[in-house]
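The values are calculated or read from the model by the stated rules, or taken from the named source; none is laboratory data. Remember, predicted model here, so these are calculated numbers, not experimental data. Quick reminder, even Gly has a Cβ in these numbers, built from the backbone with ideal geometry, and neighbours come from all protein chains shown. For the accessible areas, the whole protein counts, side chains as well, though only heavy atoms, and no ligand, DNA or RNA atoms are used. Shrake-Rupley method; radii C 1.70, N 1.55, O 1.52, S 1.80 Å.
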Amino acid sequence: MSAAIHKQPYGTTADGLPVDEYTLTNSHSMVVKIITYGGIITSISVPDRDGQFANVVLGFNNLADYETKSPYFSAITGRYANRIANARFTLNGVEYKIPANNGINSLHGGLKGFDKQVWSAREIHGDETGLELSYLSKDGEEGYPGNLDVKVVYTLTDANELRIDYSATTDKTTVVNLTNHAYFNLKGEGTGSIYDHIVTLNADRYTPVDENLIPTGELASVADTPFDFRQPKAIITDIRSGHPQIVRGRGYDHNFVLNTTNRTQPGLAAQVSEPVSGRTMDVLTTEPGVQLYTGNFIDATLVGSAGSVYRQGDGLCLETQHFPDSPNQPDFPSTVLQPGETCQTTTIFKFGVS
Ligand code: BGC
């Protein structure tokens, strides 16, 4: 079997915009499906240790559900992924107010973030099959300054990797933080919880949060806390701990400070394995952080792609990113983008079996 990409109509948005779905296949029959609405990955089909394929991302089987109910299932998240405290930040002495859509904070780009836009698509053919998505976020959209030209390229390699290359340029000083918000379940979506998934994180420190899930600014050591994933550990081990940070997040909903020093090449951020299926996933990134979110707010009101109801803990996210609230935290790595610069990041999800 050789690498291929094909396109088919997926639906029409409530605003009347057509949405397509692209199916990328590699020579090992791994299949990734992406729609132009939100750049959402609707399916990643990978084999278990016996060669049985399953879709390992949570999602829906229709556009209307993605438009109205989705907790950012596998969507491109921006202009600023994660939280900005009090829905405001200051650049060059000017205060920008952005929509508060998460209590007093702004979350994942505001009311109509990149996850809710229809992106333009271009197929990439060659040794590796890819899909380039582009979107122009206009000056002032969701309160952010500057026309931001964004490109996200999804590439499916023959090493069973899904590589995501993000780039953005602006014509005014702005802030940018782009990620993909996939919820993984390596047993297959809709099969139950991720508590038995074994996770390793390349992080000695994490960013503790206040009662609004905004980092306090401290880079705290993970040693002797539920946040220590330096050795492989099942999610269940500490998720029921009474540690105040776990209580605050209703589980894991925290940014980890990656140990990688060279950010020009993707470095190992996380490894996940699921003992029953044997499926594994490595996450590599050029980003300084990763948010581990264990689907704490999923509450059995959503019916997933294959017809099962999703409950709390049915998927886990590893959102590679800059730290939450960086625009208001001068000691965090900067998310400011200036005209003439290109914001460029890469994240790789590499699938295998053990
Ligand atoms: C956030 C969670 C939020 C989820 C879905 C995650 O990135 O950290 O707090 O509930 O996205 O919106």
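Out of Lys7, Lys33, one residue alone is open to solvent by 10 Å² or more (accessible area, probe 1.4 Å) and touching a residue at least 24 places away in the same chain (Cβ under 8 Å). It is Lys7. In the set Thr280, Thr301, only one residue is within 16 Å of the ligand (Cβ to nearest atom) and either open to solvent by 10 Å² or more (accessible area, probe 1.4 Å) or more than 23 Å from Ser354 (Cβ to Cβ) (or both); that residue is Thr301.
Of the listed requirements (1) without any contact (Cβ under 8 Å) to a residue 40 or more places away in the chain; (2) aromatic (Phe, Trp, Tyr); (3) open to solvent by 10 Å² or more (accessible area, probe 1.4 Å), Phe227 misses just one: (3). Here region 55-86 is the region considered, the condition is being of a type in the set (Lys, Arg) and open to solvent by less than 30 Å² (accessible area, probe 1.4 Å), and the residue that is nearest to the ligand (Cβ to nearest atom) is Arg83. The residues on offer are Pro226, Pro208, and the sole one that is farther than 18 Å from Asp282 by Cα and within 16 Å of the ligand (Cβ to nearest atom) is Pro208.
Residue by residue through region 304-347, note down the ones that are open to solvent by 20 Å² or more (accessible area, probe 1.4 Å) and not in a loop (DSSP other than H, G, I, E, B). Result: Val309, Pro327, Asn328, Val336, Cys343, Gln344, Thr346. Only residues that are away from the ligand (no atom under 16 Å from the Cβ) and not small (Gly, Ala, Ser): list them for region 304-328, please. Of everything in region 304-328, those that are away from the ligand (no atom under 16 Å from the Cβ) and not small (Gly, Ala, Ser) turn out to be Val309, Pro327, Asn328. Name the residue that is farthest from Gly146 (Cα to Cα), counting only residues in region 87-109 that are within 15 Å of the ligand (Cβ to nearest atom) and of a type in the set (S, T, N, Q). The extreme case among them is Asn102.
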